[in-house]
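Asks: The following block contains the structure, expressed as structure tokens.
The values are calculated or read from the model by the stated rules, or taken from the named source; none is laboratory data. Note that the structure is a prediction, hence the values are computed from the model and not measured. Glycine also receives a Cβ, built like all others from the backbone with ideal geometry; neighbour counts cover every protein chain displayed.
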Amino acid sequence: MADSPIYTAAVITISDSCARGEREDKSGPAVARFLENLKFAVPAQEVVADELVEVQNALIRRARQVQLIATTGGTGLAPRDVTPEATTAVCDRLVNGIAERMRWEGARKTPFAALSRAVCGVRGRCLILNLPGSPRGAVESLAAVADLLPHALDLLGGKTEHASAHSTEREP
């Protein structure tokens, strides 16, 4: 079936106030809807507090279950914003170009994009993307790199042939 999901994703919202039930999580569902529109299956969404170990544990657990984790929140300058540190601690490798592209595209809309400390990396065969905490910022950041995700996930899944569908190089 052509509309069947090809990839799996989990969305983790990192927010003290959402974790305490004081505020509704709007970013996580917005990111999940965007991924579903890209034909991802999103079997898991969760909210965790801005606690380094709690975020690390959620990332480690979900990385065993899905091909992509999109986090939302905790990427700013506030003292409790620990998402980049948690992500870096659990990743085998960082993928700096993805975070750079999100910031570059974000800067076209707001100068505050430069304040994002978001990182992206790989744990095992799972790609982890840190997105901003606002629904709009999270979806716009994800949209900025959506075209990269199929090739990145294929490579992580062991499909390393360079098919022309993914190639951006020009023939001589």
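Asks: Among the numbered conditions (1) in contact (Cβ under 8 Å) with a residue 40 or more places away in the chain; (2) more than 22 Å from Asp147 (Cα to Cα), tell me where Ala89 comes up short.
Replies: (1)
Asks: Right, next: Would you be able to say whether some residue in the stretch 100-111 is closer than 23 Å to Asp16 by Cα, over 13 Å from the mean Cα position of the chain (by Cα) and among the small types (Gly, Ala, Ser)? Write out each step before concluding.
Replies: Narrowing the stretch 100-111 to residues closer than 23 Å to Asp16 by Cα: none.
Within the stretch 100-111, none of the residues are closer than 23 Å to Asp16 by Cα, over 13 Å from the mean Cα position of the chain (by Cα) and among the small types (Gly, Ala, Ser).
Asks: A further question on this structure: Looking at Glu46, Glu105, Glu100, Glu85 in this structure, which one is touching a strand residue (DSSP E or B) at 6+ places or on another chain (Cβ under 6 Å), surrounded by fewer than 16 Cβ atoms within 10 Å (Cβ to Cβ) and of a type in the set (Asp, Glu)?
Replies: Exactly one residue qualifies, and that residue is Glu46.
Asks: Just to verify a result, which residue in the stretch 14-24, among those that are among the charged types (D, E, K, R) and either in contact (Cβ under 8 Å) with a residue 24 or more places away in the chain or surrounded by 21 or more Cβ atoms within 10 Å (Cβ to Cβ) (or both), is nearest to Val48 (Cα to Cα)?
Replies: Asp16
Asks: Tell me, which residue of the stretch 67-81 that is in contact with a helix residue (DSSP H, G or I) (Cβ under 6 Å, 6 or more places away or on another chain) and small (Gly, Ala, Ser) is nearest to Arg125 (Cα to Cα)?
Replies: Ala70
Asks: Can you tell me which residue within the stretch 116-172, out of those that are surrounded by fewer than 19 Cβ atoms within 10 Å (Cβ to Cβ) and hydroxyl-bearing (Ser, Thr, Tyr), is modelled with the highest pLDDT?
Replies: Ranking the candidates gives Ser134 first.
Asks: Within the set of pairs 6+ apart or on separate chains, which have a first residue in the stretch 60-75 that is touching a residue at least 40 places away in the same chain (Cβ under 8 Å), a second that is in a loop (DSSP other than H, G, I, E, B) and of a type in the set (S, T, N, Q), and C-beta atoms under 6 Å apart?
Replies: Close Cβ pairs (under 6 Å, with a partner that is in a loop (DSSP other than H, G, I, E, B) and of a type in the set (S, T, N, Q)) amount to Gly73/Ser15; Thr75/Ser116.
Asks: Of the residues that sit in the stretch 49-82 and are among the β-branched types (Val, Ile, Thr) and buried (at least 17 other Cβ atoms within 10 Å of the Cβ), which one is nearest to Ala118 (Cα to Cα)?
Replies: The residue in question is Thr75.
Asks: Out of everything in the stretch 115-146 that is without any contact (Cβ under 8 Å) to a residue 40 or more places away in the chain and of a type in the set (A, V, I, L, M, F, W, C), what residue ends up being farthest from Ile12 (Cα to Cα)?
Replies: My answer is Leu115.
Asks: Any idea how many residues of the stretch 57-105 are within 20 Å of Gly28 (Cα to Cα), in a loop (DSSP other than H, G, I, E, B) and either touching a Ser or Thr at 6+ places or on another chain (Cβ under 7 Å) or not hydrophobic (A, V, I, L, M, F, W, C) (or both)?
Replies: Qualifying residue count for the region: 10.
Asks: Right, next: For the stretch 1-29, name all the residues that are within 17 Å of Thr83 (Cβ to Cβ) and of a type in the set (A, V, I, L, M, F, W, C).
Replies: Ala9, Ala10, Val11, Ile12, Ile14, Cys18, Ala19
Asks: On to the next question. Provide a single number: the residues in the stretch 106-119 that are in contact with a Ser or Thr (Cβ under 8 Å, 6 or more places away or on another chain) and not basic (Lys, Arg).
Replies: Just the residues of the stretch 106-119 that are in contact with a Ser or Thr (Cβ under 8 Å, 6 or more places away or on another chain), to begin with: 106, 116-119.
Filter once more, so that each one left must be not basic (Lys, Arg): 106, 116, 118-119.
Number satisfying all stated conditions: 4.
Asks: A follow-up question, please. Might you let me know whether the stretch 12-28 holds any residue that is part of a helix (DSSP H, G or I), at pLDDT 95 or above and under 13 Å from the mean Cα position of the chain (by Cα)? Break it down stepwise before answering.
Replies: As a first pass, look at the stretch 12-28 and keep what is part of a helix (DSSP H, G or I): 16-19, 27-28.
When the remaining residues are screened for being at pLDDT 95 or above, the result is 16-19, 27-28.
Within this subset, residues satisfying the condition of being under 13 Å from the mean Cα position of the chain (by Cα) are 27-28.
Yes - at least one qualifying residue is present in the stretch 12-28.
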